[in-house]
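Peer 1: Dumping the structure here so I can ask a few things about it.
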Amino acid sequence: MHITFESECYSVLTAASVVEMRTQFQFGVIDFVILDLSLPDGDGMDLVSKVRADSSISIIVARPRKNAKDRVEAFESRRK
């Protein structure tokens, strides 16, 4: 995906963990997030909730959970 977005002239920031993503949010201007919920250092759903609480950016979940409840929670998570 990284190469595809860059070939369309988008700037791409990558993060392989919750910690890296939080750092990107502090220092980068982010238009949207493509998020894999399976992260090595935290729960992706917690990160979705945190992003929703702090901003109104769009989140695309790239690898949803198998559990239907988790998929609905990710979809319905809203900024409070």
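Conditions (1) modelled with pLDDT of 85 or more; (2) out of contact with any Pro (no Cβ under 7 Å at 6 or more places or on another chain); (3) not in a helix (DSSP H, G or I), marked per residue:
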{"residue": "25", "(1), (2), (3)": "no, yes, no"}
{"residue": "29", "(1), (2), (3)": "no, yes, yes"}
{"residue": "34", "(1), (2), (3)": "yes, yes, yes"}
{"residue": "45", "(1), (2), (3)": "no, yes, no"}
{"residue": "66", "(1), (2), (3)": "no, yes, yes"}
{"residue": "69", "(1), (2), (3)": "no, yes, no"}
{"residue": "72", "(1), (2), (3)": "no, yes, no"}
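Peer 1: Find the residue count for the stretch 5-23, including only residues that are assigned to a helix (DSSP H, G or I) and either in contact with a Cys (Cβ under 6 Å, 6 or more places away or on another chain) or hydrophobic (A, V, I, L, M, F, W, C) (or both).
Peer 2: If we filter the stretch 5-23 for residues that are assigned to a helix (DSSP H, G or I), which is where we start, we get 5-7, 18-23.
Remaining after also requiring either in contact with a Cys (Cβ under 6 Å, 6 or more places away or on another chain) or hydrophobic (A, V, I, L, M, F, W, C) (or both): 5, 18-19, 21.
Total meeting the criteria: 4.
Peer 1: Ok, one more. State yes or no: is residue 40 at pLDDT 85 or above, of a type outside the set (A, V, I, L, M) and touching a helix residue (DSSP H, G or I) at 6+ places or on another chain (Cβ under 9 Å)? Please lay out each step first, then the result.
Peer 2: On the way: at pLDDT 85 or above: yes; of a type outside the set (A, V, I, L, M): yes; touching a helix residue (DSSP H, G or I) at 6+ places or on another chain (Cβ under 9 Å): yes.
Yes, satisfied.
The values are calculated or read from the model by the stated rules, or taken from the named source; none is laboratory data. Given the structure is predicted, the values throughout are model-derived calculations rather than measurements. Virtual Cβ from ideal backbone geometry, glycine too; neighbours counted across all protein chains shown.
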